[in-house]
Structures are given as structure tokens and as C-alpha cells.
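Where a number appears in this text, it was derived from the coordinates with a stated rule and is not lab data. Quick caveat: nothing in here was measured; it's all calculated off a predicted structure. Here Cβ is always computed from backbone atoms with ideal geometry, including for glycine, and neighbour counts include all displayed protein chains.
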Amino acid sequence: MGIEIFYFLIFPGLLFSGIMGGFISWVDRKITARVQFRQGPPLLQPLYDFVKLFAKETIIPSNGSITTFILAPLFALFGATISAVFILLPVLGVETGFTAGIIVILYLLNIPAISYIIGALASGNPLAAVGASREMKLILSYELPLILVLISVIIKSGMAIRFSDIVTYQLTHGAFIGSLSGIMGFVTILMCIQAKMGLVPFDMAEGEGEICDGIIIEFSGSILAIFKLTKYIMFLALPAFVSGLFFGGLSLSGINILWSILKVFAVVLLITLIRNTNPRVRIEQAMKFFWLWMNLIAVICVILAVLGI
Amino acid sequence: MGIKENCFKKSLWVFHLSAGSCNNCDIEILDLLTPRYDVERFGMKLVGSIRHADVLLVTGIVTKKTKARVLEVYEQAPKPIIVIAVGTCPCTGGIFTSGYNFAGPLDKVIPVDAYIPGCPPKPEAMLAGIVKLLSQPPKSGNPRTTSEAQP
């Protein structure tokens, strides 16, 4: 019991992934600034934002559902943290009693997005409702390509459905990114991450100038801080998930730690560069993009995985 | 100085409210985000919702129509909030003082923490104003720490 609480709260869980995710979000902002020839925020900026938001007043909208409104960010944080635990433990190669299948991770990664929708609809704001409906459509869009990519990964790893088995399979047979279907799957899952994180080509759920931050419009103070913490944790969990699926996992022993940092950093760099070089698309363009093009690539990826290419 | 104030000063999120301006000050405010001035160095960024804001930038004269809206936006903001009047219009009224729909300078409507005059003020002047405001010691009974607006 004690070790599970340690896993959840300290090492791959809340504390570690919160700090690392904050650092990664700083890296993201710094790269964005450098791309635009700016200086960028200082290193402790995510911490300043978080502490400041916690110290501020929290406003509860009077015409919303109060309990749901307050509980939705907490559920988002729980979902993000537990998916970070289930992703980071197998990726780092820690042998535990946890045997999380890839389906569990798939569903846990959806909890933050669904909590955003519930929280936005509970706030009673019409702009938040617009954002929530866009987020719903976005989930419907990116879910099918994501599942198809995961199917191709499962086929390539000899029908291993446990995430730790997929990581250990790659240690003996080479990383999946080395094959053609691996590259196609990587491209697809990169786009799905972009939509899951709500980053720029697919950030129509919180369009800033358009619907005033959309789903998080009514959140303020400490519950907004919890939303930010959820984003930080997802910033670590999703690149780690990709590096476990395609790069053969991470390792914290000796010189391997540099290699692991490089793997996560490569995914973050790609996400950030996609974010900085694209304008926001409309929701139906995003749906068309995922349902037509990403699904096409993902189906070809599954076929190639069956053929063993 | 406590850790709360320190973090507050290093992460100011700015909400920009035009109370009836000619768009000149607004363009100068957007200049602050460009690579030349880059206020993100200091942790400042523009936010889309007043619920996330720490700083309320008001530009333009407060007319009789917008007075109620300015007050409403101020009351919607989570406290503590800093109110900054950008440009001559919200500071004094400028050439519109004798206008038929002029509802008084901004500090008649909501408590103002800093005035940045100019038509429009230069981006350097806005940065200097914010730095001066943040480097002074906090006063006791400051209006921005109370939660009710005093119209």
C-alpha cells in the first residue's frame, strides 16, 4: 500500500511529473520565444504561474453547477497523474505489481479531456459551451487514428497488449521507429498528441481571441492552477508514452539518462515546432484532417505492420 | 517580501479592456509582445478571459455607455487585481473632457493603481510604469486587495 502511494504521489506520479512537466512546458515556451526571435520567460516561470494562481481568489459562477465545477479539475488532475504513473513506470523499466494494459492507458489519457468538457459545461458560460462542443468533436476526431496506431504497435510487438511488454520487446528487437510503419505511426501519433494537448493547430477548444479561452474561461485561482498542473503533467506523460511506443522506452541508469532526455526532448521539439509554424484550423478542418488523412495513414500503418514492414 | 507577492510580480497576466479608445493605445500595447520589447521575459502575457487576469489595462475614455461595462469587468476579476490606465483618455479625459457622453476619468469609476499618460504612450513608458508600480512597497488598505469595487 505504501509503495503505491509513493508511486502515485512522489516518484513517477504527482511531484516528479509535475516538476518535470513544468520544466518541459518552460522548454516549450522558450523554444517558441526563440523561434520568434524573443528572449523568453525565465526558468522558474511555470512555478511562478502556479503559485500565483493558487494565491488568487477563486470565483465560482453563480449560474453553474458548483460541485461539478470544482470537482472537474480534480478529476482531470487524477486522470493525468495516474496515466503518468502507468506510462512512466513501464517506460522507465521499473518492475512493479502494476500491469497496465495499453487499453487502460488509452482510457486514462482521455479523462482530462472529458473533465475539461464537464467542467466547461458546468460553468454555465455560453463560450465555454462552444469550447466544450469543439473539444468533444476533437476527441471524436483523434481517437480513431490513435487506436489504429496502437493496434499497429500491438501487432508489431507480437500481440503484446501490456505496455511494459511492448517496451521490453523493443529492447530485444530494436525500436519500432526504425521501420516504415513505425515512422507512419509516429507521424500520426504526433498529430494526435497535438490535439490531445490542445496546442496550436488544434487549439480551437480554447481559442484565445475568438472564444476567450473557451473551456477554461470561467476558471480562476486555484482551480485554474490545477488545470495548469494537469497540462504540465500531460506534457511529460504524452512524450514519454510516444518514446515508450516507438523509441524503446527510457532509462535512468548511467549514460542512458542523456539518451532518455534526448528522446523526450525530440518529441517535445517536434510538437513545439508544429505549434509554431501552423495557424489554428477550424474544427471541421481538423475533423477532416483526422478522419481522412490521419486515418488513411494509420490504416496503411496497420496493413504494413501486418505485413511486417 | 513574501513568496506570494514575489510570484505575483513575476507572473502578471494582462487583460486588455478598451473602454472606447481610438485603437492607438491598443496597438502600442500589442507592441509589447513583439520581439523588440518581449514582455514574456518578465512573465507577462495577454490572456483572453478576465477570470485569469492579474492586471486590467484600460484604454480609451470611459463613456456613459461603457462605464457600466468597465465596472462589471472589474467586479468579475479575481482579486488582487492591478488596474492600469493606459493613455491620456482614461487618465484625465484629454480633449474629450467636455464631451457630451464623457463619464469621468477612470479613477472615478474604479480604483486605479497606475497612470500611464501619453497619446499613445510609448511601449517603454508602459514598461517603466509597471516596473515603478511593482517596485514600490505595498500600501496598507490598498484598494486592489479589497474584494469590492468602490464606484
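Key figures for this structure:
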item	result
Inter-part distance where segment A:38-113 and segment A:259-309 are each reduced to a Cα centre, Å	23 Å
Computed over segment A:139-182, Cα set: Rg, Dmax in Å	11.2, 35
Partner lysines for B:Lys65 [C-alpha distance under 27 Å; skip if fewer than 8 residues away on the same chain]	B:Lys79, B:Lys108
Long-range lysine pairs (8 or more apart or interchain), segment A:2-307, Cα under 18 Å	10
Rounded to 5, the percent of DSSP beta bridges in chain B classed as antiparallel	5 percent
Cα-Cα P(r), segment B:13-145, percent of pairs per 10 Å interval	13, 46, 35, 7, 0
Tail beyond 24 Å, pair distance distribution of chain A (Cα, percent)	52 percent
Per-pair calculated FRET efficiency, R0 = 30 Å: A:Phe6 and A:Val306 via Cβ, rounded to 0.05	0.15
Relative contact order for chain B, counting Cα pairs under 8 Å that sit 6 or more residues apart, in percent	24 percent
Length released on extending from A:Asn295 to A:Leu43, taking residue separation times 0.36 nm less the Cα-Cα span	86.9 nm
Where trypsin sites (Lys or Arg not before Pro) fall in DSSP loop in segment B:18-63, at most 15 other Cβ within 10 Å	B:Arg36
Euclidean distance between Cα centres, segment A:128-195 to segment A:199-242, Å	21 Å
